[in-house]
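Notes for the one structure printed next.
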Amino acid sequence: MAQNGESNENQAGRHQEVGHKSLLQSDALYQDLRKYVYILETSVYPREPEAMKELREITAKHPWNIMTTSADEGQFLNMLLKLINAKNTMEIGVYTGYSLLATALALPDDGKILAMDVNRENYELGLPVIQKAGVAHKIDFKEGPALPVLDQMIEDGKYHGTFDFIFVDADKDNYINYHKRLIDLVKVGGVIGYDNTLWNGSVVAPPDAPMRKYVRYYRDFVLELNKALAADPRIEICQLPVGDGITLCRRVS
Ligand code: SAM
Ligand code: CA
């Protein structure tokens, strides 16, 4: 690399000589990692609200901590919600509540979050921090699968087009089913964010690449979702490489 005194030309030559793309890939990955650490250390951790830091540290000790929203994505969600002046929101997939807290802190005092998860225990790990931050009154937590709740809301009729923002971060094999319902519930001009749309990078891996079992299982669902969102005329989309990939969908009709 030019930084360590080697010219770009020599560097390219070295890659050709090696004749194997893994070296090139690991150089590129190393650079990406350095950029990511730079973002975290420069712009994210120094500005992370105390409550979010506390919740991040509690979550880090939990055995399923891989599921948590990253600090940079939490910061992104918080900013996005403020930019769109979100007031009425929904979250599917809470875990210990890091993205939920990022949302709750962004909403006005009379803002609302309908938060759903099949597991209440993990939510209760984070709840004392959310309470201490003074934002628990914005949250209506429902324990159980989200799909029947959405069906009930659609049947009710009064929730159509009422949500400013919906964050989907749960069972990836149901994202298409969520989308069919959420497109009715989000308002025109409102935003749905589907999380993990790069699915551990597996969306660009060859099908025979080694993958963890759960990554392989959900991969096809994520690939299908990405195609379906890109082809859906009712939304404008923007897929961002934040966290594990988030696709923002703005309802236009
Ligand atoms: N947004 C969370 C955060 O910031 O930490 C992470 C959510 S975690 C990736 C996914 C969550 O979805 C898990 O807590 C899991 O219990 C929940 N989940 C799985 N299937 C679900 C379903 N059918 N309905 C609601 N929640 C579900
Ligand atoms: Ca996620």
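Readers should treat all values here as calculations from the given coordinates under stated rules, not as data from a laboratory. Computed from a predicted structure; not experimentally measured. Note that each Cβ is placed from the backbone with ideal geometry, even for glycine, and that neighbours are counted across all protein chains shown.
Counting other Cβ atoms within 10 Å, which trypsin sites (Lys or Arg not before Pro) in region 90-171 have at most 12 and lie in a DSSP loop?
LYS158
How many lysine pairs does region 115-180 hold where the Cα atoms are under 22 Å apart and the two sit 8 or more places apart or on different chains?
Lysine pair count for region 115-180: 7.
Can you give me the orientation-averaged projected area of the convex hull built on the Cα atoms of region 68-123, in nm²?
In nm², the orientation-averaged hull projection of region 68-123 is 3.5.
For the chain, what is the mean residue ellipticity at 222 nm derived from helices alone (per DSSP H run of n ≥ 4: -39500 (n - 2.57); sum divided by total residues; nearest 500 deg cm²/dmol)?
-14500 deg cm²/dmol
Nearest 5 is fine: what % of DSSP beta bridges in region 129-253 come out antiparallel, could you say?
Counting DSSP beta bridges with both partners in region 129-253, the antiparallel share is about 70 percent.
Going by a ≥ b ≥ c, the root eigenvalues of the Cα gyration tensor, does region 32-138 fall in the rounded group (a/c under 1.5), the prolate group (a/b larger than b/c) or the oblate group?
oblate
Could you work out the equivalent-ellipsoid semi-axes for the chain, taking the square root of 5 times each eigenvalue of the Cα gyration tensor, largest first, in whole Å?
Value: 35, 23, 17 Å, ordered largest first.
Stokes-Einstein at 25 °C, 0.890 mPa s, Kirkwood radius from Cα pairs: D for region 135-253 in µm² s⁻¹?
Translational diffusion coefficient: 161 µm²/s.
So, R0 is 22 Å and r is the distance between the beta-carbons of THR162 and ASP140; what FRET efficiency does that work out to, to 0.05?
0.95
In whole Å, how far is the Cα centre of region 214-253 from that of region 123-188?
So the separation of the two Cα centres works out to 18 Å.
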